[in-house]
Structure formats: structure tokens, C-alpha cells
Amino acid sequence: MGMTMTQKILAAHAGLKEVVAGQLIEANLDLVLGNDITSPVAINEFNKIGCDCVFDKDKIALVPDHFTPNKDIKAAEQCKCVRNFAKDKEITNYFEVGQMGIEHALIPEKGLAVPGDVIIGADSHTCTYGALGAFSTGIGSTDMAAGMATGKAWFKVPSALKFVLTGKPSQFVSGKDVILHIIGMIGVDGALYKSMEFVGEGVKNLSMDSRLAMANMAIEAGAKNGIFAVDDVTLDYVKEHSTKPYTVYEADEDAEYDKIYEIDLSKIRPTVAFPHLPENTKTVDEIGETEVKIDQVVIGSCTNGRLEDLRVARDILKGRKVDSSVRCIVFPGTQQIYLDAIKEGIVTDLIEAGAVFSTSTCGPCLGGHMGILAAGERAVSTTNRNFVGRMGHVESEVYLASPAVAAASAVTGYITNPEKLEEK
């Protein structure tokens, strides 16, 4: 019986010739990831195990990004815990403020994720690295502790959904619109504990930044992981960012899938997820002339804080002004992205339009800091979740959108189809 990409990767890392959906395996790990919220819990559990050292100081990454720069005393204590552990265990990939970034933007940029890897992270959006042809998934802090100690983790092999992509996206459609379209189609539990496998000739028409955004949000459909077929775009990215050895895995022709979806990218429209679930999607055409008044726009996060995203926002906002009733906050994904945006003049253009920049941090995405919403306020955000109270008060609302829709909405003060601005 044939295997999917994910099943082949897991079989190889478990030392098995084949695996089947539902099988319990123990797999070797290529990377164990934690942040300033989840790592302190894992460190406490690690200390209980009684290990003197981690399994491999080069295969652990600790990235303080959620409440950093420290927003309060508790956040400072958490970061201190991570910092001390990294120093004591001589962790190679510890990224302090100044070198850090939002973890799921930083890890690919640093070349720590490559095709064929098995990666676990104590953060649900660790599934991001499937864009590079890796098996990556979020786990709990206890599993992180065990992973740091042993270099292994237990998995139940997931079954899979196959998404065959064709066509080419239109001007204002990006990976964010594609994944919102898919989540709206199958629901937030439509891929529960399954692998979402993206293949087809349309994949070549998606940039790596778009693929990273799509894999990032696989968890919002309940998936165990999302994974893209490896192509020249993947390999060019890997060669630019990494020196790690990698292995390309392809699904067998007779691999079994629970369901196969065919999606024509040319037919997808700019899409917005209304409160309070990512599946509550509407296209800009369905929203029409309805004025959904907003108070804040967030452009950034581990979903849409990459250079391509900032360029899209700049192209829309340059020469225009953010509406006086809107707070537009930009979060570059990493320090390098921030620096590149400065060199390209993107930062100047966005600030002149009335946006404000923050350092690379998760910030308001999880209701952390740097953009919390008050009761009754609405935000258009390029982040990945819009649950009740996600970005602040339980009576606030979050509308998930692409950088293009977010930037256009910042100009008008209500949810706006970017095509409408181009017509004026």
C-alpha cells in the first residue's frame, strides 16, 4: 500500500519500511522548538527528568517572541528562565531580543527547517514548516521536555486530505486567501488530526511566503500538519537559507487519502474570516458595499509578517493615508525582514501613510501586547485566529484577512476590497 508524503517522512524517522494511518510510532526528531510562554513549563518538566544535558544542543531552538520585548514582570521572569536554560545547556539556536523574530518566520529564515525533517514545537503553528516539505506539528510542553531530553517523540500516524491546486491566483489573492477559502469550505474541524497535502501544477504559482502562510493555518482546520510537494521554488529557498542536508519525499501514486479536493486558484477571491471562527468566511464580493467599520488594522504575525506581505501593504498604502479613525500597526516577522523593509523604503512609505511599526513580536495576535482591543472594537488582522477575546476584550471582534485587504481597509476605515481602491 502506498504512503503519503507525511507517512513516508514518519516511516523514515521511525526506522520503518512503511507506516499506516492510525499506527503509533516513535520517531527521531530533527528540531525541537519552544517560545517564552511554553518553554518555561517544558524546562520545569525537563528538570524533573533529571537529565544533565539535552539530546543535541544544535537541534533545539528557543525563541522568546510572544511577550517580548518583555511586557511586564511575569513576562520578564519567563524570558529569564528560558535565557538561563539556553546558557546552561549551551543551546546553539537561542535568539535573544535583537536577533529574534516571530518564531515561525525566523526558523525558515535561519535554515533550521528543510525538506524531510521531523519537527515538533510547543506552539500550535509549528505546522508552518510543512511549506518546505517537512513534517512539523505542534505539541504540548511536556512532549517538548521529552523531546529535548531524548530526541524522540511518539506520534499517531495521520491519514490525509489531498488538495490538488490548479491555475494562478489573481492580483490581490495570496496564500492567505487560499487557506481561508479552504477552511471556509471544510470547516475548523474538517481536517481533524489529518495531514493536509498540497500538490498540483498550481503550487508553482504560489510563492514560498504564500505557502508558509497556508501551512501555518493548517491547524485552523484541525490538521495535524500541512505539507507541500517539494519543487524548484522550495529548493531555491532552501539553498538560499540553509546548509542542512535534506531529503525530498514524494507521495506514492497509490497513496490513500480520506478525500481529494480540486481547487482552481484563479477562481479564488480575496477572502475575509468574520468573527469568531476562521471558517466563517466571506469573499469581498459577498461583503459587497456593506460597511464593516473598523478601529484597528494589524499587518504582520507568523502568518503574514514576511517581506512579500509588507511589500503588498506598501504598494496599496503608498501615496495614500490611513483613515484617521484607524490604528494601523505593522509587525515585521524578523529583524532581517525589518531591515530589508527599511532598505527597500517600505518602512518610510508605510510610516508616511500613517502606520506605526513594532519590533518582531506576536504582540496582539494572542491578546499579548502592542495592540489590545477594547470592548466593542473591531480589527482587520493578517493573523491566524479570531476567537472570542483573541485580541483583547471578549466583546471585541477580529476579521482575518490578507495584507492586501488589511491595507485597503486601513485606508477607508472599513473592510474594503483592494480592487476598489485601484479603480479610483
- Query: How many percent of the alpha carbon pairs in segment 1-102 exceed a separation of 20 Å?
  - Reply: 49 percent
- Message: What is the distance in Å between the Cα centroid of segment 250-321 and that of segment 342-370?
- Response: 19 Å
- Give me the net charge of D258's neighbourhood, meaning all other residues with Cβ under 14 Å from the Cβ of D258; Lys, Arg count +1, Asp, Glu -1. +1
- Item | Most to least packed among 73-84, 372-383 [average Cβ atoms within 10 Å] | 372-383, 73-84
- Task: Calculate, axis by axis, the spread of Cα positions in segment 99-169 along the three principal axes, and write the results as whole Å, longest axis first.
- Result: 45, 36, 19
- Note on the structure: Between the alpha carbon centres of segment 85-125 and segment 129-144 the gap in Å comes to 11 Å
- Packing rank of 21-31, 208-218, where each peptide gets the mean count of other beta carbons within 10 Å, highest leading: 208-218, 21-31
- Message: Apply the Karplus curve 6.51 cos²θ - 1.76 cosθ + 1.60, θ = phi - 60°, to the phi angles in segment 105-114 and return the couplings in whole Hz, x for Gly and Pro.
- Response: 8, 6, 4, x, 4, 7, x, 8, 10, 9
- Candidates P364, P245, P158, ranked by Gaussian network fluctuation over the chain, Cα under 10 Å, top entry: P245
- Message: Tell me the per residue accessible area of segment 151-279 using a 1.4 Å probe; a whole number in Å² is fine.
- Response: 41 Å²
- Choice from V312, V157, V292 with maximal GNM fluctuation in the chain (Cα, 10 Å cutoff): V292
- Per DSSP H run of at least 4 residues, take -39500 (n - 2.57); add these up for the chain, divide by its residues and hand me the 222 nm value, nearest 500 deg cm²/dmol. -9000 deg cm²/dmol
- Message: Testing the spin-label approximation: label points 7 Å from Cα along Cα→Cβ at C53 and K318. State their distance in nm.
- Response: 5.1 nm
- Ranked highest first by the average count of other Cβ atoms within 10 Å around their residues, in what order do 408-417, 184-193 fall? 408-417, 184-193
- Message: Within 13 Å, Cβ to Cβ, of K152, how many net charges do the neighbouring residues add up to if Lys/Arg are +1 and Asp/Glu are -1?
- Response: -3
- Message: Could you compute how fast segment 116-247 diffuses translationally, taking Rh as the Kirkwood radius over C-alpha pairs and applying Stokes-Einstein at 20 °C with viscosity 1.002 mPa s? Give it in µm² per second.
- Response: 142 µm²/s
- Task: Please report the orientation-averaged projected area of the chain, defined via the convex hull of its C-alpha atoms, in nm².
- Result: 19.0 nm²
- Solvent-accessible area per residue for segment 325-423 at a 1.4 Å probe radius, Å²? 33 Å²
- How much net charge surrounds G34 when only the other residues with a Cβ under 13 Å from the Cβ of G34 are counted, with Lys and Arg +1 and Asp and Glu -1? -3
- Item | Within the accessible area of segment 1-100 (1.4 Å probe), percent carbon and sulfur | 51 percent
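The values are calculated or read from the model by the stated rules, or taken from the named source; none is laboratory data. Just so it is clear, the model here is predicted, and its values are computed rather than measured. Every residue, glycine as well, gets a Cβ built from its backbone with ideal geometry; the counts of neighbours run over all protein chains shown. Calculation scope for accessible area: heavy atoms of the full protein, side chains included, ligands and nucleic acids excluded. Shrake-Rupley method; radii C 1.70, N 1.55, O 1.52, S 1.80 Å.
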